[in-house]
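Please read the structure below before turning to the comments.
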């Protein structure tokens with residue numbers, strides 16, 4: 001028996017708000033109490049890159065910075081805000 005692979009359907013980009021991301025993490029991690037706030041750990045790397053100047057077309061070497069997102073997580077806080085959610089409201093114990 002042979003099976004043919006069918007091409008995956010193209011999935012449109014999905015975006016969520018910061019608050020929706022916090023809610024999803026609360027549910028994924030199984031948190032049922034506490035107020036949890038989004039935290040993001042960023043890195044910083046410097047390097048030199050070649051860029052082409054739009055007005056002259058000349059390629060130059062210039063310093064640049066890259067800021068990768070290293071980690072996304074939750075931290076417990078005292079009050080709800082635009083990036084903090086009460087786990088008891090969005091993922092109550094059953």
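Here, each number is a calculation from the coordinates, and none is a lab measurement. Please read these numbers as outputs of a predicted model, since none were measured by experiment. In this analysis, Cβ positions are derived from the backbone assuming ideal geometry, glycine residues included, and neighbour counts consider all displayed protein chains.
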Once you have the alpha carbon radius of gyration of the stretch 22-64, what is it after dividing by 2.2 N^0.38 Å, with N set to its residue count?
2.32
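Kindly rank 48-57, 65-74, 82-91, 16-25 from highest to lowest mean number of other beta carbons found within 10 Å of each residue.
Values: 48-57: 8.5, 65-74: 10.9, 82-91: 17.5, 16-25: 15.2.
In decreasing order of mean packing, 48-57, 65-74, 82-91, 16-25 become 82-91, 16-25, 65-74, 48-57.
Over every pair of different alpha-carbon atoms in the stretch 18-90, take the mean of 1/r and invert it; report that Kirkwood radius in Å. Present the calculation step by step, with values, prior to reporting the outcome.
Numbers: mean 1/r = 0.0670 Å⁻¹.
About 14.9 Å for the stretch 18-90.
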Below 8 Å between Cα atoms, with a sequence gap of 6+, how large is the relative contact order for the stretch 18-90 in percent?
47 percent
Subtracting the Cα-Cα distance from 0.36 nm times the residue separation, let me have the gained length for residue 82 to residue 70 in nm, one decimal.
2.1 nm
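Per 0.36 nm of contour for each residue apart, how much would the distance between residue 61 and residue 44 grow if the chain were fully extended, relative to their Cα-Cα spacing?
Details: separation 17, 0.36 × 17 = 6.12 nm, distance 1.93 nm.
Extra length from residue 61 to residue 44 when fully extended: 4.2 nm.
Would you mind calculating the gained length between residue 29 and residue 89 on full extension (0.36 nm times residue separation, minus the Cα-Cα distance), in nm to one decimal?
Working: separation 60, 0.36 × 60 = 21.60 nm, distance 1.49 nm.
Residue separation times 0.36 nm, minus the Cα-Cα distance, leaves 20.1 nm.
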